[in-house]
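> I have a structure here, written as structure tokens, and I will follow up with some questions on it.
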Amino acid sequence: MSRHFLDLNDAGGDAIAAMLSDAIDRKAARSALPKGSADSDAPLAGHVLAMIFEKNSTRTRVSFDMAMRQLGGSALVLEAANTQLGRGESIADTARVLSRMSDAIMMRTDDHSKVVEMARHATVPVINGLTDRSHPCQIVADLLTIVERGKPLPGLEVAWLGDGNNVLSSFLEAAGLMKFNVRAGTPEGYEPDPDFIATAKAGGATVTVTQDAVAAVKGADVVVTDTWVSMGQDYADAKLAAMAPYQVNDALMANARPDAMFLHCLPAHLGDEVTQSVFEGPQSAVFDEAENRLHAQKSILLWALGQL
Ligand code: CP
Ligand code: NVA
């Protein structure tokens, strides 16, 4: 069985719950193994993942590569600029060629329509490794980080501060599927994508959008932020100025629950969206979150290849 993972809705709430459970089990089962050795069952032995990058990456690239190794398979990195895609070969033809030589395709790109086009023509699963619209793999890792710290997802209050970007969109999608609530503290003009707000609400989540950073964080279980300037965007002075009141600092964190955790998908820009004090502080789970990209990718790959 072959399933695309372009957004969290492609999997749905039950499959995401299964991914989280599988990731927790696999992570525990291999804790004593060297990072490059395979899990005892090596469920993807002989399988190859082709990874296409049209944007930079550290975590996504390394976690998918290591995920394939730990599942018994391997991965290829294709920097788009060095492939014929970079010279204008169509996504449709690339999809058909890669489908003949690999078992799954992961693509990081700008316009979301490119992963949709890849999926339309591929005969193997296509996984969205980040587009301008969404970042679903990141959110599986974030949910894993939340649940492994003993916070149940239903009813959870998640505060998002800053730019209403692709990562927030996937958080909103997850909220509808896993039944938690999102309070977005965003400046005028940088609010969350209305389509994702509607999806979250349709799933039963409460979504609050406010320009009051303190109101967004008040009583939150999880406080999340991300860069103010995503890949492909310009460093505009007006945007940075608008974002300044939404910086996650100690004073803002003090409004969250005392046991609230801080998440950031990384890379971080200390002194902009978060202070060093919060980033390095006791509430920060950002490096567990980064490690969990690996454990989450394994479950996403197993699901996409019909083994979960
Ligand atoms: N969080 C994340 O996707 O990191 P990379 O851009 O390094 O892959
Ligand atoms: N919003 C960021 C996430 C990076 C992982 C971006 O798109 O650049």
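> Can you say whether GLY73 is away from ligand 2 (no atom under 16 Å from the Cβ), at pLDDT 95 or above, of a type outside the set (D, E, K, R) and within 19 Å of the chain's Cα centre (by Cα), as far as the supplied structure shows? Step through it out loud before you land on a result.
On the way: away from ligand 2 (no atom under 16 Å from the Cβ): yes; at pLDDT 95 or above: yes; of a type outside the set (D, E, K, R): yes; within 19 Å of the chain's Cα centre (by Cα): no.
Against the criterion (away from ligand 2 (no atom under 16 Å from the Cβ), at pLDDT 95 or above, of a type outside the set (D, E, K, R) and within 19 Å of the chain's Cα centre (by Cα)), GLY73 does not qualify.
> Determine if segment 31-54 includes at least one residue that is part of a helix (DSSP H, G or I) and within 16 Å of ligand 1 (Cβ to nearest atom).
Filtering segment 31-54 down to residues part of a helix (DSSP H, G or I) leaves none.
No, every residue in segment 31-54 fails to be part of a helix (DSSP H, G or I) and within 16 Å of ligand 1 (Cβ to nearest atom).
> Still on this structure, I have one more. Going through segment 252-290 one residue at a time, which ones are surrounded by 15 or more Cβ atoms within 10 Å (Cβ to Cβ), assigned to a helix (DSSP H, G or I) and within 19 Å of the chain's Cα centre (by Cα)?
Answer for segment 252-290, where residues must be surrounded by 15 or more Cβ atoms within 10 Å (Cβ to Cβ), assigned to a helix (DSSP H, G or I) and within 19 Å of the chain's Cα centre (by Cα): PHE279, VAL286, ASP288, GLU289, ALA290.
> For the condition surrounded by 15 or more Cβ atoms within 10 Å (Cβ to Cβ) and farther than 21 Å from SER2 by Cβ, what is the one hit in VAL124, VAL77?
The conditions single out VAL77.
> Is it fair to say SER57 is away from ligand 1 (no atom under 15 Å from the Cβ), of a type in the set (S, T, N, Q) and either at pLDDT 95 or above or not in a helix (DSSP H, G or I) (or both)? It would help to see each step written out before you state the result.
Values: away from ligand 1 (no atom under 15 Å from the Cβ): no; of a type in the set (S, T, N, Q): yes; either at pLDDT 95 or above or not in a helix (DSSP H, G or I) (or both): yes.
In short, no.
> Let me ask something else about it. Take ALA215 and tell me if it is farther than 24 Å from ALA304 by Cβ and out of contact with any Phe, Trp or Tyr (no Cβ under 8 Å at 6 or more places or on another chain).
Numbers: farther than 24 Å from ALA304 by Cβ: yes; out of contact with any Phe, Trp or Tyr (no Cβ under 8 Å at 6 or more places or on another chain): yes.
Here the answer is yes, as ALA215 does meet what is asked.
> Assess whether GLY155 counts as being at pLDDT 95 or above, under 21 Å from GLU291 (Cβ atoms) and surrounded by fewer than 19 Cβ atoms within 10 Å (Cβ to Cβ). Even if it seems obvious, please write down each step before you answer.
On the way: at pLDDT 95 or above: yes; under 21 Å from GLU291 (Cβ atoms): no; surrounded by fewer than 19 Cβ atoms within 10 Å (Cβ to Cβ): yes.
It is false that GLY155 is at pLDDT 95 or above, under 21 Å from GLU291 (Cβ atoms) and surrounded by fewer than 19 Cβ atoms within 10 Å (Cβ to Cβ).
> Continuing with this model, one more query. At pLDDT 95 or above, assigned to a loop (DSSP other than H, G, I, E, B) and more than 27 Å from ALA290 (Cβ to Cβ), is that true of VAL124?
On the way: at pLDDT 95 or above: yes; assigned to a loop (DSSP other than H, G, I, E, B): yes; more than 27 Å from ALA290 (Cβ to Cβ): yes.
When the stated conditions are applied, VAL124 passes them.
> Inspect segment 163-178 for any residue being over 17 Å from the mean Cα position of the chain (by Cα) and surrounded by 16 or more Cβ atoms within 10 Å (Cβ to Cβ) and give the result as yes or no.
Taking segment 163-178 first, the residues over 17 Å from the mean Cα position of the chain (by Cα) are none.
For segment 163-178, residues over 17 Å from the mean Cα position of the chain (by Cα) and surrounded by 16 or more Cβ atoms within 10 Å (Cβ to Cβ): absent.
> How about segment 228-246: which of its residues are of a type in the set (Ser, Thr, Tyr) and over 17 Å from GLU191 (Cβ atoms)? Full working, then the answer.
We begin by selecting, within segment 228-246, every residue of a type in the set (Ser, Thr, Tyr); these are 230, 235, 246.
Answer for segment 228-246, where residues must be of a type in the set (Ser, Thr, Tyr) and over 17 Å from GLU191 (Cβ atoms): just TYR235.
> Of all residues in segment 232-246, which are of a type outside the set (A, V, I, L, M) and either loosely packed, with under 11 Cβ neighbours inside 10 Å or away from ligand 2 (no atom under 16 Å from the Cβ) (or both)?
Step one: filter segment 232-246 for residues of a type outside the set (A, V, I, L, M), giving 232-235, 237, 239, 245-246.
Once the filter is applied, which keeps residues that are of a type outside the set (A, V, I, L, M) and either loosely packed, with under 11 Cβ neighbours inside 10 Å or away from ligand 2 (no atom under 16 Å from the Cβ) (or both), segment 232-246 yields ASP234, TYR235, ASP237, PRO245.
> Return the residues of segment 149-172 that are away from ligand 1 (no atom under 16 Å from the Cβ) and not in a loop (DSSP other than H, G, I, E, B); say none if nothing qualifies. Steps first, please.
Of the residues in segment 149-172, the ones away from ligand 1 (no atom under 16 Å from the Cβ) are 149-159, 161, 164, 172.
Matches in segment 149-172: GLU157, VAL158, ALA159, LEU161, LEU172.
> Another question about this same structure. Would you point out which residue out of ASP142, ASP132 is charged (D, E, K, R) and assigned to a helix (DSSP H, G or I)? Break it down into steps so the answer makes sense when it comes.
Working: ASP132 fails: assigned to a helix (DSSP H, G or I).
Answer to the check: ASP142.
> I want to confirm something. Restricting to segment 109-148 and keeping residues that are more than 18 Å from ALA304 (Cα to Cα) and among the charged types (D, E, K, R), which single residue is nearest to ligand 1 (Cβ to nearest atom)?
ASP142
> Something else about it: Restricting to segment 173-201, name every residue that is under 21 Å from GLY129 (Cα atoms), in a loop (DSSP other than H, G, I, E, B) and not acidic (Asp, Glu).
The one that is under 21 Å from GLY129 (Cα atoms), in a loop (DSSP other than H, G, I, E, B) and not acidic (Asp, Glu): PRO192.
> Among the candidates SER113, SER63, SER74, which residue alone is in contact with a strand residue (DSSP E or B) (Cβ under 9 Å, 6 or more places away or on another chain) and polar (S, T, N, Q)?
Details: SER113 fails: in contact with a strand residue (DSSP E or B) (Cβ under 9 Å, 6 or more places away or on another chain); SER63 fails: in contact with a strand residue (DSSP E or B) (Cβ under 9 Å, 6 or more places away or on another chain).
SER74 is the lone residue from the list that is in contact with a strand residue (DSSP E or B) (Cβ under 9 Å, 6 or more places away or on another chain) and polar (S, T, N, Q).
> I would also like to ask the following. Consider only pairs whose beta carbons are under 6 Å apart and that are at least six residues apart or on different chains; among these, list those whose first residue lies in segment 216-233 and is of a type in the set (Phe, Trp, Tyr) and whose second residue is within 12 Å of ligand 2 (Cβ to nearest atom).
TRP228/GLY162; TRP228/ASP163; TRP228/GLU273
The values are calculated or read from the model by the stated rules, or taken from the named source; none is laboratory data. Everything quoted here is computed from the prediction, not taken from an experiment. All Cβ positions, glycine included, derive from the backbone under ideal geometry; neighbour counts span all protein chains shown.
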